[in-house]
1. For segment A:63-96, how many residues are touching a Phe, Trp or Tyr at 6+ places or on another chain (Cβ under 9 Å) and under 23 Å from A:Met275 (Cα atoms)?
2. Being within 19 Å of A:Leu254 (Cα to Cα), in contact with a strand residue (DSSP E or B) (Cβ under 8 Å, 6 or more places away or on another chain) and surrounded by fewer than 16 Cβ atoms within 10 Å (Cβ to Cβ): is that true of B:Gly69 here?
3. Closer than 23 Å to A:Val167 by Cβ and polar (S, T, N, Q): which single residue out of A:Gln364, A:Gln316 fits that description?
4. Taking helices (runs of 4 or more DSSP H) that do not extend beyond segment A:136-253, which have at least 1 residues that are at pLDDT 95 or above and away from chain B (no Cβ under 14 Å)?
5. Can you confirm whether segment A:185-206 contains a residue that is within 23 Å of A:Ser382 (Cα to Cα) and touching a residue at least 12 places away in the same chain (Cβ under 8 Å)?
6. Go through segment B:84-111 residue by residue and tally those that are farther than 21 Å from B:Phe32 by Cα and among the acidic types (Asp, Glu).
7. Would you mention how many residues in segment A:292-351 are under 16 Å from A:Ser269 (Cα atoms) and assigned to a loop (DSSP other than H, G, I, E, B)?
8. From the list A:Tyr278, A:Tyr292, which residue is under 17 Å from the mean Cα position of the chain (by Cα) and among the aromatic types (Phe, Trp, Tyr)?
Amino acid sequence: MPDTMRGAAAIVGIGELKPERERPDRDTISLLTEACYLAIQDAGLTKSDIDGLIMEPEIQQTASGFNAVMAEHMGIFPTWATGCDVQGAAGVVMAVQAAAYVNAGLADFVLCGTATAMDPRAPRPEHSRRTETWGSEFTAPFGPVVAANGWYAMIARRHEMLYGTTVEKRAKISVDQRYNANHNPWAVFYDSPLTVQDVVNSRIVADPLHLLECVMPVSGACAFVVTRADLARGMRNKPAYVLGGAHSIQRNNLAHVGEISISPVGQASRKAFRMAGYGPKDMQVLEIYDSYTITVICEMEESGFCKKGEGGDWIQEQDFTIKGNLPLNTHGGQMSYGQAALAGGCSHVSEAVRQIRRTAGEHQVAGPTDLVFVTGSGGLFSQQSAMVLASEAAL
Amino acid sequence: MTTPPPYTKPLPTPSYNSRPFWEAAKQHRLTFQRCKACGARVFYPRDICPGKECFGVGTLEWVESTGKGRVYSFTVVLQPADPAFRPDVPYILAVLEMDEGWRMTTNVVNADAASLKIGDRVEVVWEDATAEFSLPKFQPTKGRSSRRRG
C-alpha cells in the first residue's frame, strides 16, 4: 500500500464551543454553525473558500440530507460533500476522510463538524429509552441500563476477572485526566480536584463501574478545516499533519461477537502507525477516546502501549498529566472536560491540534508535542478509529 | 384468585426473522439458528448467514438449545433505561454463553448478585410475561458447585 496520504493533508482551523451542562436556548444546528464559523475564521478563510463538507448528524437523529441542511444554514455551497455515521469515532474519521478527499483532488478546504444541544438532564423521550440499547427485542425486555453504562460495566467486569483491573487501578485514568482539566478553564470540572479515593467512593452506576469513571454529558460543538499540505504551509496556523489513520469495525451489538474486553482500535492503530511510519513508543501525547476508564485502558492495550491485560498495572507506572511522561487527554478528556455527545470525540482532535500548535495555554504540555496519537470510539466497542497527527518537525 | 397486574415492561416486537424464536418460547423451548452450509451458530435471528467466508442465503435452520450455559459477563442494574424496570432494582443483566456456542442478553434471576461470578453455570427458567410472550431468563444451576469447571 503506497503511503500517498502520509503528511499530504493537515488540520488548519479548529472551532469549538465551551462545554456547558445546559444550553436551553440553542439547538444543535445553531451550535454546529457557530463552531464551523469559528473553525473557518481560525483558518483565516472565508465561507466561499470551503468546497468540501463532512457533517455528522447528532446521535440517534435521522438527519436525512444533513450536509444540505448545514450548507443552507451556513450559506456555504460546496462541490463535494459526504456524510459520516460512525458515532463517537466521528472526529478522527472525519479528519482522515477529509485528508483523503483533499489528497484525491475532490476539494481544497473540507469543513468537518458535529454538535449536540441535548439537555443531558432532560427526561429521555420514550423512543430513546426503547432504542438506545442498540437492540431491539433481544435486549429491551430484559431491562438494559441507562446510556451505555451497563454494557461497559460488562466489559469492565470481564477485564477485572481476566486481569484483575479493579476500580482502584482504573481510577488512575480519572484522576490524571482531572488534573489536566484543573488546568483547562473550559473543562466542566476545572474547579474540582479528584483523588483515587473519591473515584472508589463514588456511587456505583452499573456494577462494577463507579460514577467518576464515566463521562460527563454536556452540550457543545466542534468543527475543523482540513486542507492539502502545500496549501496549509502558507496559512496562518501551524499545520497539524495527518500522517495516518484508520477505522476498524468489529461488531454492532456487544453481546454477540468476539471477546468483549478486546476493543476494535487494535486493527485501526496498527494500520495508522504503519501509514505514519511511527509506533506507540514515538507518541508524545495521547488523546484517547474516554467514555469510561475501562475504555481508555483497553484502547491503550490494543494500540500497543502495553501488553493486553497489563493495562491496569502499567497505567500505575505512568504519569498522564500535562506535566507527566505520557500526557493523556490533556484537555481533561470527556470524563472531566465534558462529552458533547459525538462532538465529545471531536474534542480529542481539536485538542491534539492545540497541543501541536502549542496554543493550549494553561494546559499546554511542557515537553515536545510533535507526535500525537488520537482515537475515537463508537457504539459498544463497535467501531474505533486511530490517527497520528504531527507537526512539521515530525513529518 | 386475584388477577395479576398488567405487564408494563417492553415486550418483544417480532420480525419475520424472530417470530419462530418467540413462538417456540411460548412453548418454553429455547432456540437458536445454525447454518446448514458452514455450521455457524447464529443469534439474534436472521435470514442470511454471517459466518466467516459463508454466503449462505436461506441456510439457517432452527435448533433447540439445552438451555444451559455460563455467565459471560454481567452488571447489577441500578438505573434502568426504562422506568418500567425501576421496581425490580437491583437486578442482574447478563450476557450468557450457551453451551452450543452462542450468546444472548438476559436476566439472571434467583441469584445472589454479590456471589455471582463470570463462568457460573446457569439454566433457563421461563417467565410468562403475557399470554403471547414468555421470556427466557436464567438461574444458577442448582445442586452442585460447578463454577468455572471444564
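The values are calculated or read from the model by the stated rules, or taken from the named source; none is laboratory data. Because the structure is predicted, anything quoted here is derived from the model rather than measured. Using ideal geometry, Cβ is built from the backbone for each residue, glycine included, and neighbour counts are taken over all protein chains shown.
1. So the answer is 6.
2. no
3. Just a single option satisfies the conditions, and that option is A:Gln316.
4. Correct list: A:167-181, A:196-201, A:229-232.
5. yes
6. The total comes to 1.
7. Number satisfying all stated conditions: 6.
8. From the options A:Tyr278, A:Tyr292, the qualifying one is A:Tyr292.
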